[in-house]
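Every number here is computed from the coordinates shown, using simple stated rules; none is lab data. A quick note: this is a predicted structure, and the numbers were derived from the prediction, not measured. In this analysis, Cβ positions are derived from the backbone assuming ideal geometry, glycine residues included, and neighbour counts consider all displayed protein chains.
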Amino acid sequence: MEFSWMVSLLVAVALLSLSGSVDSRKARILESLEYTGINCRAHSASITDFGGVGDGTTSNTKAFQDAINHLSQYETEGGALLFVPAGKWLAGSFSLTSHFTLFLHKDAVLLASQDQNEWPVIKPLPSYGRGRDAAAGRYTSLIFGTNLTDVIVTGDNGTIDGQGELWWQKFHKGKLKYTRPYLIEFMYSNTIQISNLTLLNSPSWNIHPVYSSNIIVQGITILAPISSPNTDGINPDSCTNTRIEDCYIVSGDDCVAVKSGWDEYGIAFGMPTRQLIIRRLTCISPYSATIALGSEMSGGIEDVRAEDITAVHTESGIRIKTARGRGGYVKDIYVERMTMHTMKWVFWMTGNYGSHADKNYDPNALPVIQGINYRNMVADNVTMAARLEGIAGDPFKEICISNVTIGMAVKAKKVPWTCTDVEGITSSVTPRPCDLLPDQEPENLKSCNFPAEKLPIDMVELQKCSSSMKYM
Ligand SMILES: *[C@@H]1O[C@H](CO)[C@@H](O)[C@H](O)[C@H]1NC(C)=O
Ligand SMILES: *[C@@H]1O[C@H](CO)[C@@H](O)[C@H](O)[C@H]1NC(C)=O
Ligand SMILES: *[C@@H]1O[C@H](CO)[C@@H](O)[C@H](O)[C@H]1NC(C)=O
Ligand SMILES: *[C@@H]1O[C@H](CO)[C@@H](O)[C@H](O)[C@H]1NC(C)=O
Ligand SMILES: *[C@@H]1O[C@H](CO)[C@@H](O)[C@H](O)[C@H]1NC(C)=O
């Protein structure tokens with residue numbers, strides 16, 4: 001009697017706990033999201049509402065596209081947010097819509113698919129004429145948007161993992177038919193925010209806004225092996241009014257590379273990158289630059305302001321890359337308060353970078369490099385202070401460098417500065433600069449003045465947004 005009573009009690013307890021777990025599986029999780037955004041959204045949904053499965057093996061490409069297509073109905077009704085819960089969400093390329101926020105939970109990983117059928121091929125960029133890896137088209141980026149307005153990709157430091165190894169191997173073996181995809185690309189778009197995410201192992205560039213304006217990139221961590229090919233961090237390309245701040249980048253290529261098209265294609269397209277702020281960036285890139293200007297700069301690069309930049313174990317601090325045939329210009333560049341540890345070159349300018357889109361470039365299309373200002377910097381353990389190579393008959397002009405202290409490495413080059421075809425002045429710079437950049441008394445350094453007025457993107461304030469999400 002006693003025994004059977006006990007058994008029935010146990011069964012009852014078991015049943016209770018079973019029904020309890022069934023209930024909790026059915027119950028929707030309630031989560032409140034807090035974030036800052038250029039705009040908040042009136043509507044929200046979870047990827048799980050559209051059949052998304054976060055198991056790391058099920059493809060969610062269709063779920064993402066269905067969700068975004070559905071939420072695009074709210075474009076004119078306060079916009080919508082798509083929430084990606086904790087889990088591993090495998091997906092190929094998908095496209096966003098306007099007045100839209102993609103929000104990744106802190107434990108969400110958006111895993112880039114390794115199935116090439118999940119990556120539609122699109123035309124090369126008109127300002128480049130051809131793809132970077134192959135002449136034909138290019139794979140659409142993982143998160144893509146074109147002709148959009150008001151779009152946010154953010155999260156609570158959620159992760160986007162490009163799983164780039166397969167692509168890097170194909171690149172090294174010359175087996176790519178098309179140019180590798182980027183992780184995030186927006187084309188012809190206005191008012192973009194990319195914030196508070198970690199980007200891992202991109203197949204190629206990480207963040208690529210192109211032909212776009214009013215862009216904020218904030219609080220992004222980018223990690224890729226230092227030997228991975230072309231894993232540039234953030235590449236504003238023919239963009240106006242961009243603010244990149246509070247980012248930490250370790251990569252196999254330039255941490256930030258400012259671009260505007262390639263040779264005759266970039267000249268014809270004629271769209272510069274201008275009004276760009278880069279601040280509070282930390283960069284580790286032993287084989288590339290902290291901030292590169294070019295080499296594709298044929299539409300022009302103008303009014304770039306970089307401040308409070310830290311570089312560690314990085315090849316160069318600021319690098320200008322150009323060539324005969326590029327045309328275009330790099331002018332009004334202002335960089336201040338850089339701190340650098342263990343660098344090959346602090347300043348590097350290369351006028352013979354080569355690397356042409358094709359043979360049809362015009363060798364008489366000479367780039368104009370003018371108004372390059374660097375001040376208030378310190379560096380230590382440096383192999384060579386500066387290597388400045390302009391173009392014969394086309395000198396790089398109005399270079400102004402002041403208050404820069406460069407500590408040389410034990411195994412430094414004997415000649416710390418080499419300069420050809422450059423013109424400008426310096427003041428309070430050690431070690432002593434080359435004769436082409438003669439030292440001025442501080443009161444003669446007027447041309448080295450930095451602009452006092454702020455850029456319009458600096459006036460943009462983010463709003464506090466919150467929304468409560470119920471999801472399975
Ligand atoms: C990013 O996260 C930080 C710290 O949680 C927060 O202060 C900031 O507002 C966030 N920025 C954006 C653009 O979401
Ligand atoms: C996007 O905008 C560009 C430039 O205005 C235009 O040439 C192109 O046709 C537009 N594309 C789409 C898909 O609307
Ligand atoms: C975001 O995650 C990365 C990778 O785990 C980490 O290195 C970074 O410190 C995190 N950032 C913030 C603001 O928590
Ligand atoms: C020179 O630069 C250092 C930082 O590298 C800064 O602390 C100092 O104030 C600067 N001096 C002047 C006169 O601006
Ligand atoms: C200086 O740089 C060399 C590489 O060029 C590196 O091996 C060494 O550890 C660095 N020293 C310091 C003190 O950072």
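A simple spin-label model places the labels of M459 and A412 4.5 nm from each other, with each point 7 Å out along Cα-to-Cβ. Amide H to amide H, with H built 1.01 Å from N, T36 comes under 5 Å of C465, counting only residues 5 or more places away or on other chains. Quick one: go through region 352-378 and flag any residue whose amide nitrogen is under 16 Å from the point 7 Å out along the Cα-to-Cβ line of K397. 366-373, by backbone N distance to the label point. Among complete DSSP H helices in the chain, those whose alpha-carbon atoms stretch at least 20 Å along the helix's long axis and whose mean Kyte-Doolittle hydropathy reaches -0.5 are 2-26.
Here is the tail figure for region 73-114: Cα pairs spaced more than 13 Å apart come to 60 percent of all pairs. Available extension along the chain between R337 and I29 is 106.2 nm, counting 0.36 nm per residue and deducting the alpha carbon span. Evaluating 6.51 cos²θ - 1.76 cosθ + 1.60 at θ = phi - 60° for every residue in region 100-114, the Karplus couplings come out as 9, 10, 9, 10, 9, 4, 4, 9, 8, 10, 8, 9, 6, 4, 9 Hz, glycine and proline recorded as x. Taking amide hydrogens as placed 1.01 Å from N in the peptide plane, the amide H of D421 sits under 5 Å from those of G390, each at least 5 positions away in sequence or on another chain.
Computed from backbone phi, the HN-Hα couplings of region 323-338 come to 6, 4, x, 6, x, x, 7, 10, 9, 6, 10, 10, 10, 9, 6, 9 Hz, rounded to whole numbers (Karplus: 6.51 cos²θ - 1.76 cosθ + 1.60, θ = phi - 60°; Gly and Pro given as x). Only the Cβ atoms of Lys and Arg (+1) and of Asp and Glu (-1) were treated as charged; on that basis the dipole of region 44-458 about its Cα centre amounts to roughly 1040 debye. Annotation for K177 and N449: the two label points, set 7 Å from Cα along the Cα-Cβ direction, are 5.9 nm apart.
Neighbours of G174, meaning other residues whose beta-carbon lies under 13 angstrom from its beta-carbon, give a summed charge of +4 when Lys and Arg score +1 and Asp and Glu score -1. Excluding same-chain neighbours fewer than eight residues apart, the aspartates and glutamates reachable from K454 by a Cα-Cα span under 19 Å are E245, D246, E302, D303, E307, D308, D332, E336. Of all DSSP beta bridges confined to the chain, the antiparallel ones make up roughly 10%. Of K62/K470; K106/K470; K259/K359; K123/K177; K88/K259, which pairs sit farther than 24 Å apart, going by alpha carbon to alpha carbon? Cα-Cα > 24 Å for K88/K259; rest within.
Here the scattering of region 236-362 is modelled by Debye summation over its C-alpha atoms, one equal scatterer each and no solvent; at q = 0.12, 0.21, 0.23 Å⁻¹ the log10 of I(q)/I(0) is -0.41, -1.15, -1.30. Put simply, when 170-176, 69-75, 419-425 are sorted by average Cβ atoms within 10 angstrom per residue, most first, you get 419-425, 69-75, 170-176. Quick one: 3J(HN,Hα) in Hz for region 194-199, Karplus 6.51/-1.76/1.60 with θ = phi - 60°, rounded, Gly and Pro as x. Calculated HN-Hα couplings, in order: 10, 8, 6, 9, 10, 10 Hz. Express the C-alpha Rg of region 362-459 as a ratio against the empirical globular expectation 2.2 N^0.38 Å, rounded to two decimals. So the Cα radius of gyration is 1.22 times the expected 2.2 N^0.38 Å. For the chain, the relative contact order works out to 11 percent when only alpha carbon pairs closer than 8 Å and six or more residues apart are counted.
Going by how many other Cβ atoms sit within 10 Å of their own, how do V84, V312 line up, fewest first? Present the calculation step by step, with values, prior to reporting the outcome.
On the way: V84 25, V312 17.
Going from sparsest to densest Cβ surroundings: V312, V84.
Each listed q (0.15, 0.20 Å⁻¹) maps to a log10 I(q)/I(0) for region 146-218 from the Debye sum over equal C-alpha point scatterers, namely -0.57, -0.86. Taking amide H as placed 1.01 Å from N in the peptide plane, the amide H of L111 sits under 5 Å from that of W89, L90, A91, D161, each at least 5 places away or on another chain. With the convex hull drawn around the C-alpha atoms of the chain, the volume per residue stands at 176 Å³. With the highest mean first, a sort of the peptides 375-385, 301-311 on other beta-carbon atoms found within 10 angstrom per residue produces 301-311, 375-385.
Grab the beta carbon distance between T76 and K123, set R0 = 41 Å, and tell me the FRET efficiency rounded to 0.05. It comes to 0.90.
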